[in-house]
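Before any comments, here is the structure.
Taken together, the values in this text are just the output of simple stated rules run on the coordinates, not laboratory data. Computed from a predicted structure; not experimentally measured. All Cβ positions, even for glycine, are placed from backbone atoms using ideal geometry, and neighbour counts span all protein chains on display.
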Amino acid sequence: MFSSRRSLSALAAVAATSLAVAGCSSSSDDGGSGGESADTIVVSTFPFGVEEFTEAVVDPFTAETGIEVELDTGSNADRLSRLQLEGEDTGIDVMLMSDSYVAIAEQEGLFQPVTEENVPTLADIADFAVDEAYSGPAYSYQLNGMLYNTDELTAEQAADWELYADSAYAGEVALPDIAVTAGQLTVSGVGDAYGSGPYDVDTAFETMAGWAPNVLQFYSSTTEFTNLLTQGEIVGGVALNGFATNLIASGEPIGWVPPAEGRYMATNRAVVPTGAPNAEGAFAFIDYLLSVEAQQSSAELVGDLPVNLEVEVPEELTAVVGDIAQDPTAAGYATLDPAETVDQRGEWVERFAREVVGG
């Protein structure tokens with residue numbers, strides 16, 4: 001897991017990065033154990049925003065280091081399954097994946113540690129991005145909150161969980177299914193707001209079952225939800241902040257606000273499989289991914305909330321989340337402990353379908 005030595009000096013960080021890059025850029029004759037050239041890495045990532053990610057991170061990384069990057073894309077679930085089936089034979093050097101899926105793979109020992117020794121920029125990122133439960137750091141994060149029609153609701157109304165209990169809005173609100181990222185964050189938020197904490201699913205399920213008659217849809221695709229909202233079929237619901245960015249920028253009467261209570265966030269993490277053919281190149285890529293340059297470009301072009309504390313958050317993102325992006329933990333946001341969620345996930349998904357949606 002992580003080794004965090006925050007006292008690492010900037011000079012040492014630069015030196016370590018230079019050594020890592022030099023090692024990765026050597027002749028292809030001394031490539032990785034998988035036969036991959038030492039000046040090439042394979043990065044497994046999400047299937048959306050690939051062009052923007054390439055412009056923001058991949059091309060500048062190659063220009064700076066000489067290391068070519070091949071992108072391998074797919075859903076979290078598909079890429080996790082491939083890793084589980086193929087193990088050290090996937091040929092993947094870096095995986096960019098949502099934290100809940102990383103946590104499953106962690107239980108099977110499928111990743112190797114990322115430390116400040118091989119990735120010096122770990123010293124420069126937010127504390128919440130460095131978690132001993134994971135082998136690799138968060139490089140971006142998503143905030144759970146309320147997306148709403150500003151012509152129909154005030155920010156205060158939208159932020160209150162009691163919106164979903166209000167019969168005045170029966171059939172005009174939507175909530176995520178627990179199977180999607182926002183769904184688990186929502187269950188934990190309700191458990192925190194109405195029960196003993198984020199893992200009090202008994203209280204959360206009972207509370208949400210009471211709301212169910214008012215809920216038009218428990219959505220499994222955020223596109224379904226945003227369509228309902230923009231078409232005026234609902235006045236609001238729960239969604240991750242990233243889905244509000246384009247809507248707000250377009251001038252739609254849409255706003256996003258954090259819940260008054262029960263604020264939770266998900267992270268996207270960068271991890272290195274145990275069988276990575278070019279581990280040194282992988283570490284160099286993650287080091288660059290966490291740098292001010294890459295984080296700034298990712299925020300501007302991809303729309304990722306940055307974990308590097310030196311980045312100036314673009315106006316398009318602050319238009320949605322305000323100053324929360326400066327320090328989400330200070331604004332009351334927390335991440336979930338995978339030790340409390342991973343083993344229970346299958347049971348919780350089944351119970352949610354039966355007790356909340358089907359109740």
Once amide H atoms are placed 1.01 Å from N in the peptide plane, what residues at a sequence separation of 5 or more from Ser140, or on another chain, have their amide H within under 5 Å of its amide H? Asn268
Is the shape of the stretch 134-217 best called rounded, prolate or oblate, per the rule: a/c under 1.5 gives rounded, else a/b larger than b/c gives prolate, else oblate, with a ≥ b ≥ c the square roots of the Cα gyration tensor eigenvalues? oblate
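If we count GluC sites (Glu not before Pro) as exposed when they sit in a DSSP loop and have at most 16 other beta carbons within 10 Å, what is the longest stretch of the chain that avoids them all? All intermediate terms of the calculation are to be shown ahead of the outcome.
Working: sites that count: Glu108, Glu117, Glu132, Glu152, Glu233, Glu261, Glu310, Glu312.
Segment 1-107 is the longest.
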In the Gaussian network model of the chain, springs joining C-alpha atoms below 10 Å, which of Asp93, Asp59, Asp287 carries the largest mean-square fluctuation? Asp59
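Under a Cβ-Cβ cut-off of 15 Å, what is the net charge of the residues other than Gly359 that fall near it, where Lys and Arg count +1 and Asp and Glu count -1? Walk me through the intermediate numbers first.
Numbers: positive: Arg351, Arg354; negative: Asp177, Asp202, Glu206, Glu350, Glu355.
Its environment carries a net charge of -3.
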Once you order the gyration tensor axes a ≥ b ≥ c over the Cα atoms, which shape class does the stretch 204-359 get: rounded for a/c under 1.5, otherwise prolate or oblate by comparing a/b with b/c? oblate
To make sure I understand, if each residue's beta carbon is the centre and we count other beta carbons within 10 Å, what order do Arg79, Arg269 fall in, fewest to most? Arg79, Arg269
Which of rounded, prolate or oblate describes the chain when judged by the alpha-carbon gyration tensor and an a/c cut-off of 1.5? prolate
Around Leu80, under 14 Å between beta carbons, what's the net of Lys plus Arg minus Asp minus Glu among the other residues? -2
Dipole of the chain, positive end: most advanced residue of Pro259, Gly237, Ala168 [Cβ charges, Cα centre]: Ala168
Percent relative contact order for the chain, counting Cα pairs under 8 Å at least six residues apart, stands at 26 percent
Helix by helix, which DSSP H runs in the chain go 18 Å or more along their axis at the Cα atoms and have an average Kyte-Doolittle hydropathy of 1.0 or more? 10-24
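If you place +1 on the Cβ of every Lys and Arg and -1 on the Cβ of every Asp and Glu, how big does the dipole about the Cα centre of the chain come out, in debye to the nearest 20?
Values: 9 positive and 59 negative charges, 96 e Å.
For the chain, the charge dipole is close to 460 debye.
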For every helix of n ≥ 4 consecutive DSSP H residues, a contribution of -39,500 (n - 2.57) applies; sum these over the chain, divide by its total residues, and give [θ] at 222 nm rounded to the nearest 500 deg cm²/dmol. -9500 deg cm²/dmol
Would you calculate the convex hull of the Cα atoms in the stretch 26-170 and tell me its volume per residue in Å³? 182 Å³
